[in-house]
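The block underneath contains the structure these notes are about, expressed in C-alpha cells.
The values are calculated or read from the model by the stated rules, or taken from the named source; none is laboratory data. Since this is a predicted model, take the numbers as computed values, not measurements. Glycine gets a Cβ as well: all are built from the backbone with ideal geometry, and neighbour counts include every protein chain shown.
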Amino acid sequence: MKCRVCRGPAVIDLRRHNANFCPEHFLDFTRKQVEKAIDEFDMFGPDDRLLVAVSGGKDSLAIWDLLLDLGYAADGLYIGLGIGDYSDDSGRHTRAFAESRQATLIEIDLRDEHGFDIPTAATVTRRVPCSSCGLSKRHLFDRAAVEGGYDAVVTGHNLDDEAAVLYGNVLTWQADYLGRQRPVLPEANGFPRKVKPLVRLTEREMAAYCVIRGIEYQIDECPMALGNKHIAYKEALNLIEEQSPGSKFTFYHGFLARAAERFDGASGDDDSTPVGLGTCERCGRPSSNDVCAFCALSERVSGHDPVPVELVRNKR
Ligand code: SF4
Ligand SMILES: [Zn+2]
Ligand SMILES: [Zn+2]
C-alpha cells in the first residue's frame, strides 16, 4: 500500500477517495478537508475568536488541534458532567491536551458550580440522561461564548454524526429538525454562531488523526449513551458505506446542496422570524419563560443527593 502523494509506505486507505496516505500526507489531507469546510460554508475568518466545545473524545480534541495548527485563536471549554469514571477520564485527557499545546482551557463543573450532575438530573426528572445533558451543554456553551466575547462555538461533529442525525430525521420526516441541520447556525437572538468544521471527515479518519498526532483521548462511549438510536443509525450507514464507499458523504453533502433549503423556515425560528424572547430572571440568558430551562432544571435537581452512574445505567 503506497501513499498517493509520495509513494512511501501508506498507513491508511480511504476507499471513498480511492487513495492511501502516509502519516504526513494524511495530516495534510485532514487539514485541507477542514479548510475546505470552513471556506465552503463560510464558517469564520482568520481573526475570529473561537470557543471549541471539548469533550475529551477524539473529534473535539482533533478539531481543537487542527484549528490551533491552522493558526486560529481557539480556546477550549470543557464541562464536567459528573458521569463517574467516564467524566474523570475525559477531563484528564482534555487537560493533558491543553497543557501539551499550551492552549487556554475553560472548565465548568456542573456539580461544583450548579449543584447537580447528569446521573442525578436523569433520575430526578425521570427522563433519558441525554436530555438534561444536551440542555446543560447548550446553555453553558452559549453562555460562555457570549460572555467571553467569542465569535463562534466550534463542535467536533463529524460526517458520521451528521449523516446519522440526517438519517434519523429523514426516517421520521422531522421537517423542523431538517430545517436546522446545517454545518453553520448563524448568531441570532443572543445565541452565538455554531460551526462544525469536521463535516467532511469521518469518525475513522479522526481516530487515525489522533493516533498519528499522538493525541490521547477518551475511547469509551459515554455509559449513558446505551440505547441511543444514533448508534444504530451509524451502524446502518456503515453497512451501506461498506458496499458503496462515499455514500455517507453523498447522502449528507447532497442533502445540504440540493435539499436543505426546502426545509428553511420549517423550524419556525429561522433568522427572518422575530422571536419574542425575554430574559431569564435567574441567569439573564434569552428565554421564553421567566426562568430558562437550564435554571429550572438546576433548581429542581440541585437539592438531591448525588445518584451514582451505575444506578442510572442499570435502570435503562
Ligand atoms: S451520551 Fe448523552 S449523557 Fe453522555 S455525554 Fe452524550 S449527551 Fe451527555
Ligand atoms: Zn506521503
Ligand atoms: Zn436561566
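Residues in segment 280-307 that are touching a residue at least 24 places away in the same chain (Cβ under 8 Å), out of contact with any helix residue (DSSP H, G or I) (no Cβ under 8 Å at 6 or more places or on another chain) and over 20 Å from GLY134 (Cβ atoms): GLY303 alone. When every residue of segment 57-69 is checked against the conditions, none turns out to be hydroxyl-bearing (Ser, Thr, Tyr), touching a residue at least 60 places away in the same chain (Cβ under 8 Å), closer than 18 Å to ALA144 by Cα and in a loop (DSSP other than H, G, I, E, B). Here ASP75 fits the description: farther than 30 Å from PHE251 by Cα, assigned to a strand (DSSP E or B) and either at pLDDT 95 or above or within 16 Å of ligand 2 (Cβ to nearest atom) (or both). For segment 216-230, the criterion of a residue being touching a helix residue (DSSP H, G or I) at 6+ places or on another chain (Cβ under 9 Å), buried (at least 16 other Cβ atoms within 10 Å of the Cβ) and without any contact (Cβ under 8 Å) to a residue 60 or more places away in the chain is satisfied by no position. Looking only at segment 216-224, decide whether some residue is away from ligand 2 (no atom under 16 Å from the Cβ) and among the hydroxyl-bearing types (Ser, Thr, Tyr). Scanning segment 216-224 turns up at least one residue that is away from ligand 2 (no atom under 16 Å from the Cβ) and among the hydroxyl-bearing types (Ser, Thr, Tyr). Could you give me the residue pairs with C-beta distances under 8 Å whose first residue belongs to segment 1-30 and is closer than 20 Å to PRO245 by Cβ and within 16 Å of ligand 3 (Cβ to nearest atom), whose second residue is of a type in the set (S, T, N, Q) and not in a helix (DSSP H, G or I) wherever it lies, and which are 6+ apart or on separate chains? Within 8 Å, no pair qualifies. Any residue in segment 29-45 that is part of a loop (DSSP other than H, G, I, E, B), at pLDDT 95 or above and within 16 Å of ligand 1 (Cβ to nearest atom)? So far as segment 29-45 goes, no, none of its residues is part of a loop (DSSP other than H, G, I, E, B), at pLDDT 95 or above and within 16 Å of ligand 1 (Cβ to nearest atom). The residue pairs whose first member lies in segment 231-245 and is closer than 23 Å to ASP220 by Cα, whose second member is surrounded by 13 or more Cβ atoms within 10 Å (Cβ to Cβ) and charged (D, E, K, R), and whose beta carbons are closer than 7 Å, counting only pairs six or more residues apart or on different chains, are LYS234/ASP160; LEU237/LYS248. Which one is modelled with the highest pLDDT among residues in segment 220-235 that are under 27 Å from PHE251 (Cβ atoms) and among the aliphatic types (A, V, I, L, M)? So, considering only residues that are under 27 Å from PHE251 (Cβ atoms) and among the aliphatic types (A, V, I, L, M), the one modelled with the highest pLDDT is ALA232.
Filtering segment 202-259 to residues that are more than 18 Å from ASP89 (Cβ to Cβ), within 16 Å of ligand 1 (Cβ to nearest atom) and among the β-branched types (Val, Ile, Thr) leaves only ILE231.
Here's the yes/no breakdown for (1) touching a strand residue (DSSP E or B) at 6+ places or on another chain (Cβ under 6 Å); (2) under 19 Å from VAL153 (Cβ atoms):
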| position | (1), (2) |
| --- | --- |
| ARG4 | yes, no |
| GLY8 | no, no |
| ASN18 | no, no |
| ASP28 | no, no |
| LYS32 | no, no |
| PHE41 | yes, yes |
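Do any residues in segment 93-107 that are at negative phi and assigned to a helix (DSSP H, G or I) have Cβ atoms under 6 Å from those of residues that are at pLDDT 95 or above and among the charged types (D, E, K, R), where the two are at least six apart or on different chains, and which pairs are they? Here the result reads HIS93/GLU216, each pair linking segment 93-107 to a residue that is at pLDDT 95 or above and among the charged types (D, E, K, R).
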